[in-house]
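Here's the structure, in structure tokens; my notes come after.
What follows draws every value from the coordinates through simple rules; no lab data is involved. Since this is a predicted model, take the numbers as computed values, not measurements. We place every Cβ from the backbone using ideal geometry, glycine too, and count neighbours over all the protein chains shown.
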Amino acid sequence: MTSHAALPRLLFATMLSLAAGCGGDDTIETARPGQESALAVVREVFAGVLDEASMSPVALSIQWSGHVCPYPAADGLLKTAVIDPRGTCYAGLAHGCDLQVAWRGSFAQSAFAHELMHCYMSQLDLTDPSHDRHPEMWRAVSDANRALREAGL
Ligand SMILES: [Zn+2]
């Protein structure tokens, strides 16, 4: 017999399992095929604005999200996203070099280079959450995405 007290727990467990299952087998991954090559392409471009030390974090962790955001992005499309505990969707999030990135079909289309830049900037004790303090860094991100596209990544 199910007590009333157990019901919310049961509902919560059901919601959790639904959330875990909604993206099939591609919800969270720690590496994508070609990731090492993509990282090399990005680092080569970033070498124009960053030194080797800042691009060598002690611990770099990348988690790929395949979850689809429940509400449309600015362009009206439903996209994969990193969804924070409050339900807000992001293309990616960086906590230092602990990165979460939504997989959007290629490295160039995903916020891979962008979140890597946040990581490398954190190595230099630079923060730029609104992306307006270091324009040369964000130009390098655009250049890296172009290089990734040209490399078919
Ligand atoms: Zn950012």
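Name the one entry in LEU148, LEU116, LEU124 that is within 12 Å of the ligand (Cβ to nearest atom) and either aliphatic (A, V, I, L, M) or touching a residue at least 24 places away in the same chain (Cβ under 8 Å) (or both). The unique qualifying residue is LEU116. Taken over the range 88-113, the criterion of being away from the ligand (no atom under 12 Å from the Cβ) and among the small types (Gly, Ala, Ser) is satisfied by GLY96, ALA102, GLY105, SER106, ALA108, SER110. Checking each residue in the range 52-91 for being assigned to a strand (DSSP E or B), farther than 14 Å from THR30 by Cα and of a type outside the set (A, V, I, L, M, F, W, C) picks out THR80, TYR90. Residues considered: ALA53, ALA40. Of these, the only one that is touching a residue at least 40 places away in the same chain (Cβ under 8 Å), exposed (fewer than 13 other Cβ atoms within 10 Å of the Cβ), more than 16 Å from the ligand (Cβ to nearest atom) and more than 16 Å from GLU115 (Cβ to Cβ) is ALA53. Could you list, in sequence order, the residues of the range 93-138 that are among the acidic types (Asp, Glu), assigned to a helix (DSSP H, G or I) and surrounded by 15 or more Cβ atoms within 10 Å (Cβ to Cβ)? The one that is among the acidic types (Asp, Glu), assigned to a helix (DSSP H, G or I) and surrounded by 15 or more Cβ atoms within 10 Å (Cβ to Cβ): GLU115.
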